[in-house]
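None of the figures in this text is laboratory data; all of them are computed from the coordinates on show. Just so it is clear, the structure is predicted and the values come from calculations on it, not from any experiment. Backbone-built Cβ (ideal geometry, glycine too); neighbour counts: all protein chains shown.
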Amino acid sequence: MTFAKTGRAFGLALLVAVVTFAKASAHALPGSVLTLSKVEERLDLTITLPVDDLAIAAPALAVLQTHPLDTPFAEPHLALLQGYLDAHLAVRTDETAHRISLQSAVLQQTYDEHLGSFLILKMSLAIEGNSNSGGLYLTYDAVMHEIRNHRAMVVWSSPTMPAQLLAEFGYRPKDGVQRPVLIDLPDD
């Protein structure tokens with residue numbers, strides 16, 4: 001009888017330990033952060049995302065993982081990234097689609113207290129033909145088209161005001177296509 005109680009107690013303790021360990025070690029990499037800012041009369045966009053997740057979502061981009069840290073990518077890699085972004089990022093106002101051009105990209109190391117060190121890809125982009133404040137429609141499914149729990153956070157950055165969260169979203173397709181998110185840009 002005592003053995004049965006001890007066995008059940010041990011089993012319960014083991015179950016609690018396994019569940020606790022699974023929760024403690026199941027931290028996903030952070031999602032994408034899209035930072036919008038106005039530079040002179042142009043709207044700029046900076047995207048940071050974990051490069052390991054990008055390599056899973058787009059195996060052709062796995063080559064980026066071996067690039068030297070804090071060194072700007074050269075044209076062949078920028079062209080690869082631009083092609084990927086053209087398929088997974090769009091900005092429009094009303095019915096006008098705006099070209100998004102990749103200006104630069106760099107691989108950086110960062111740290112999270114739950115994950116330790118990992119690599120992020122930081123990309124600087126220019127949104128052409130859109131200098132107005134107001135609303136824009138952002139369609140973004142980079143990484144999340146393959147890694148469904150990947151999330152995106154859109155932030156407004158300005159030298160005259162604190163950073164402001166504009167939107168958070170995940171993969172939410174309609175008929176297999178990611179739906180655009182309306183982003184209300186603050187008056188700066």
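A few notes on this one:
- Proximal charge balance of residue 120 [Cβ under 14 Å; K/R count +1, D/E count -1]: -3
- The amide H of residue 43, built 1.01 Å from its N in the peptide plane, has 127, 130 as neighbours under 5 Å, considering only residues 5 or more places off or on other chains.
- For the pair residue 52 and residue 124, the difference between a 0.36 nm per residue extended length and the Cα-Cα distance amounts to 24.0 nm.
- Residue 74-residue 158 FRET efficiency (beta carbon distance; Förster radius 30 Å; 0.05 resolution): 0.45
- Across the range 103-114, rounded Karplus estimates of 3J(HN,Hα) from the backbone phi angles (6.51 cos²θ - 1.76 cosθ + 1.60, θ = phi - 60°) give 8, 7, 8, 8, 9, 10, 9, 9, 9, 10, 4, 8 Hz, Gly and Pro being marked x.
- Estimated FRET transfer efficiency (residue 187, residue 63; beta-carbon r; R0 25 Å; 0.05): 0.05
- Applying the Karplus relation 6.51 cos²θ - 1.76 cosθ + 1.60 with θ = phi - 60° to the range 84-91 yields 3J(HN,Hα) values of 5, 5, 4, 8, 10, 8, 8, 10 Hz, where x marks Gly and Pro.
- The stretch between residue 99 and residue 40, if pulled fully straight at 0.36 nm per residue, gains 19.5 nm over its current Cα-Cα span.
- Computed about the Cα centre, the dipole magnitude for the range 29-185 is approximately 220 debye when only Lys and Arg (+1) and Asp and Glu (-1) carry charge, each at its Cβ.
- Distance between the 7 Å Cα→Cβ label points at residue 165 and residue 33: 1.3 nm.
- Long-range HN-HN contacts of residue 103 with modeled amide H, under 5 Å: 124, 125, 126
- Phi-derived couplings, Karplus 6.51 cos²θ - 1.76 cosθ + 1.60 at θ = phi - 60°, listed residue by residue for the range 43-51: 9, 10, 9, 10, 10, 10, 7, x, 5 Hz, with x used for Gly and Pro.
- The gain in end-to-end length when the residue 174 to residue 110 segment is fully stretched comes to 19.6 nm, 0.36 nm per residue minus the alpha carbon separation.
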